[in-house]
Amino acid sequence: MAKRLLTLRVNGRDHELAVADHALLVDVLRDALQLTGTKQGCDGGECGACTVLVDGAPRLACITLAASVQGRAIETIEGLASSGRMSALQQAFHEKLGTQCGFCTPGMVMAAEALLRREPDPSVEQIREALAGNLCRCTGYVKIVESVQAAAEGVR
């Protein structure tokens with residue numbers, strides 16, 4: 001199995017790792033870096049549970065080769081908290097009950113984070129569009145959308 005030395009910048013920290021050429025980003029994050037907030041759901045880019053940000057844009061870590069993101073800024077759900085405190089978006093998901101079982105939540109939060117960075121006052125339609133690649137089997141998405149709206153209102 002061919003390996004390569006890879007330097008990844010994850011949540012503002014550089015990591016140098018020897019990884020297989022075919023290693024997926026989700027596996028490197030979860031197994032090598034112990035960042036288990038990124039969930040492994042469908043393994044085919046269909047559910048969004050593995051959504052992370054790469055240079056600020058949502059990316060499905062289960063279909064992204066780790067080598068393809070060398071030198072780029074990767075953010076996981078763990079990177080949103082600061083000094084042990086949840087981000088405004090994470091807090092809004094908590095307060096507005098935007099999570100049920102919680103499995104999809106990291107992917108939902110990361111997709112919503114990307115939206116709020118580019119559009120701080122999104123419409124309901126923009127929120128739904130930004131979250132369209134993320135599946136939740138527990139809710140009707142109403143509380144998730146309300147959570148994103150609450151976070152946007154708190155930022156204003």
Shape box of the range 1-71 [Cα atoms, principal axes, largest first, Å]:
30, 29, 20
Can you list the lysines whose alpha carbon is less than 17 Å from that of LYS143, not counting same-chain residues fewer than 8 positions off?
LYS96
Tell me, what HN-Hα J-couplings in whole Hz come from the Karplus equation 6.51 cos²θ - 1.76 cosθ + 1.60 at θ = phi - 60° for each residue of the range 131-143, using x for Gly and Pro?
9, 4, x, 10, 9, 10, 9, 9, 10, x, 6, 4, 5
Which ³J(HN,Hα) values, rounded to whole Hz and listed in residue order, are derived for the range 92-101 from phi using the Karplus coefficients 6.51, -1.76 and 1.60 in 6.51 cos²θ - 1.76 cosθ + 1.60 with θ = phi - 60°, glycine and proline given as x?
5, 4, 5, 6, 8, 6, x, 10, 10, 6
Amide H within-cut-off set for LEU6, under 5 Å, with H built and near neighbours excluded:
LEU17, ALA18, VAL19
Pop out the ³J(HN,Hα) list for the range 12-26 in order, Karplus 6.51 cos²θ - 1.76 cosθ + 1.60 with θ = phi - 60°, rounded to Hz; leave Gly and Pro as x.
x, 10, 7, 10, 10, 9, 9, 10, 5, 4, 9, 5, 8, 4, 4
Candidates for Rg and Dmax of the Cα atoms in Å are (1) 14.9, 47; (2) 14.6, 40; (3) 15.4, 51, and the calculated one carries label (3)
Whole-percent carbon and sulfur contribution to the accessible surface of the range 47-156 (1.4 Å, no ligands, DNA or RNA) stands at 51
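The values are calculated or read from the model by the stated rules, or taken from the named source; none is laboratory data. Because the structure is a prediction, the values reported are computed rather than measured. Remember, those area values only see protein heavy atoms, side chains included, never the ligands or the DNA or RNA. Shrake-Rupley method; radii C 1.70, N 1.55, O 1.52, S 1.80 Å.
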